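The values are calculated or read from the model by the stated rules, or taken from the named source; none is laboratory data. On a predicted model such as this, the values are computed, not experimentally measured, just so you know. Using ideal geometry, Cβ is built from the backbone for each residue, glycine included, and neighbour counts are taken over all protein chains shown. Surface accessibility is based on the protein's heavy atoms, side chains included, excluding ligands, DNA and RNA. Shrake-Rupley method; radii C 1.70, N 1.55, O 1.52, S 1.80 Å.
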Amino acid sequence: MASTRKRTTKDGQIFYEIRVSRGRGKSYLTSRWYPPDSWSQKAIDRALAKEASEFERRCHEGEVVSRAEQKENSLQQMRESAKIQTLKKFGEEVFMPAKAVTMSENGRCAYQGNLDHWIYPALGKLKMPDITPANISALLLSMQSQGKAHATCVKVYTILHSLFKMAYMTDVVPIDPMDKVERPKPRKNELKDADVEAYTVEEVQRIFTALEREPLKWRVLLRLLIDTGIRRGECCGLRWQNIDFKANTITIAGNLCYTPQKGIYLDTPKSGKVRTR
């Protein structure tokens with residue numbers, strides 16, 4: 001039998017909480033019903049009884065479940081759908097949809113590009129439990145032998161590390177093969193000096209001198225980049241409302257980005273925080 005009780009939200013709105021018991025060992029299921037302001041109490045009681053009866057029916061027939069049960073059901077569905085899948089199928093149906101929720105469009109595009117270009121061609125047709133550390137190491141070594149940049153090899157390593165961690169946490173694979181894969185090291189000809197690469201005062205002055213012959217928009221762009229140290233996308237994303245001429249400050253509130261799929265679009269700053277320079 002469903003029970004009901006009258007309650008009030010923090011802003012003073014009246015609603016009725018409908019609660020259905022499912023017996024020992026199971027949590028209550030609840031729902032809210034908001035009556036129209038103009039209704040009489042008699043009309044509210046009649047509609048509430050109907051709403052409670054319908055909610056109770058849906059609970060007993062399994063149409064309504066608790067949040068914990070929803071989470072467990074979703075996890076179970078993910079496990080079932082991912083069992084003995086190929087790496088490509090797991091990547092397309094589980095890994096990337098999960099990553100897309102928390103990643104920026106730029107990050108998602110970078111992950112997808114590395115999956116399509118490197119990981120899927122080499123490992124995509126293999127079933128997840130069958131992939132060994134040797135398979136993964138062979139891919140990374142192959143990339144290095146082709147002369148690919150160290151940063152690219154590390155990015156592929158990072159993506160595979162994240163993918164197999166998710167697979168292990170959802171019981172798709174019994175062990176994580178990445179535990180036995182060494183992070184790529186730079187080739188000898190890729191080793192660079194530890195010194196920070198930056199323009200000297202004299203070099204900056206030569207840039208400013210050369211800019212005097214360029215259109216105003218390029219002079220403004222380069223001076224902002226050099227004087228503030230903001231990122232190129234953040235500079236291109238500035239609007240007039242971001243500039244305070246009285247205080248001589250700019251507010252970094254956007255980041256102009258580009259991906260082949262989405263084109264040019266305005267995103268939040270890379271740090272995710274608005275800041276003033």
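Against the condition of a type in the set (Ser, Thr, Tyr), at pLDDT 85 or above and assigned to a strand (DSSP E or B), how does Thr251 come out, does it pass?
It is true that Thr251 is of a type in the set (Ser, Thr, Tyr), at pLDDT 85 or above and assigned to a strand (DSSP E or B).
Could we say that Tyr34 is of a type in the set (Ser, Thr, Tyr) and under 30 Å from Lys127 (Cα atoms) here?
no
Go over the candidates Glu63, Glu69, Glu92 one by one and state the one that is open to solvent by 60 Å² or more (accessible area, probe 1.4 Å), over 30 Å from Trp118 (Cβ atoms) and either within 38 Å of the chain's Cα centre (by Cα) or modelled with pLDDT under 80 (or both).
Glu63
Within the set of pairs 6+ apart or on separate chains, which have a first residue in the range 101-113 that is part of a loop (DSSP other than H, G, I, E, B), a second that is among the hydrophobic types (A, V, I, L, M, F, W, C) and crowded, with 16+ Cβ neighbours inside 10 Å, and C-beta atoms under 9 Å apart?
Once the first residue is part of a loop (DSSP other than H, G, I, E, B) and sits in the range 101-113, its partners that are among the hydrophobic types (A, V, I, L, M, F, W, C) and crowded, with 16+ Cβ neighbours inside 10 Å give Ser104/Cys257.
When the residues of the range 259-277 are filtered to those that are part of a strand (DSSP E or B) and touching a residue at least 60 places away in the same chain (Cβ under 8 Å), which remaining residue is farthest from Lys246 (Cα to Cα)?
From the range 259-277, those part of a strand (DSSP E or B) are 259, 263-267, 275-276; that's our starting set.
Next, only the ones that are touching a residue at least 60 places away in the same chain (Cβ under 8 Å) stay: 259, 265, 267.
Details: Thr259: 36, Tyr265: 29, Asp267: 27 Å.
Here the answer is Thr259.
Only one of Ile243, Ile207, Ile250, Ile264 is within 30 Å of Ile159 (Cβ to Cβ) and of a type in the set (A, V, I, L, M, F, W, C); which? Walk me through how you get there before you give the answer.
Numbers: Ile243 fails: within 30 Å of Ile159 (Cβ to Cβ); Ile207 fails: within 30 Å of Ile159 (Cβ to Cβ); Ile250 fails: within 30 Å of Ile159 (Cβ to Cβ).
Residue meeting the stated conditions: Ile264.
Quick grid of which residues meet (1) open to solvent by 40 Å² or more (accessible area, probe 1.4 Å); (2) of a type in the set (Ser, Thr, Tyr):
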| site | (1), (2) |
| --- | --- |
| Cys109 | no, no |
| Gln146 | yes, no |
| Thr158 | yes, yes |
| Glu197 | yes, no |
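Looking at Phe55, is it part of a strand (DSSP E or B) and either among the aromatic types (Phe, Trp, Tyr) or at pLDDT 90 or above (or both)?
For Phe55, the condition - part of a strand (DSSP E or B) and either among the aromatic types (Phe, Trp, Tyr) or at pLDDT 90 or above (or both) - is not met.
For the subset of the range 178-193 comprising residues that are open to solvent by 100 Å² or more (accessible area, probe 1.4 Å) and part of a loop (DSSP other than H, G, I, E, B), which member is modelled with the lowest pLDDT?
Filtering the range 178-193 for residues that are open to solvent by 100 Å² or more (accessible area, probe 1.4 Å) and part of a loop (DSSP other than H, G, I, E, B), the one modelled with the lowest pLDDT comes out as Asp193.
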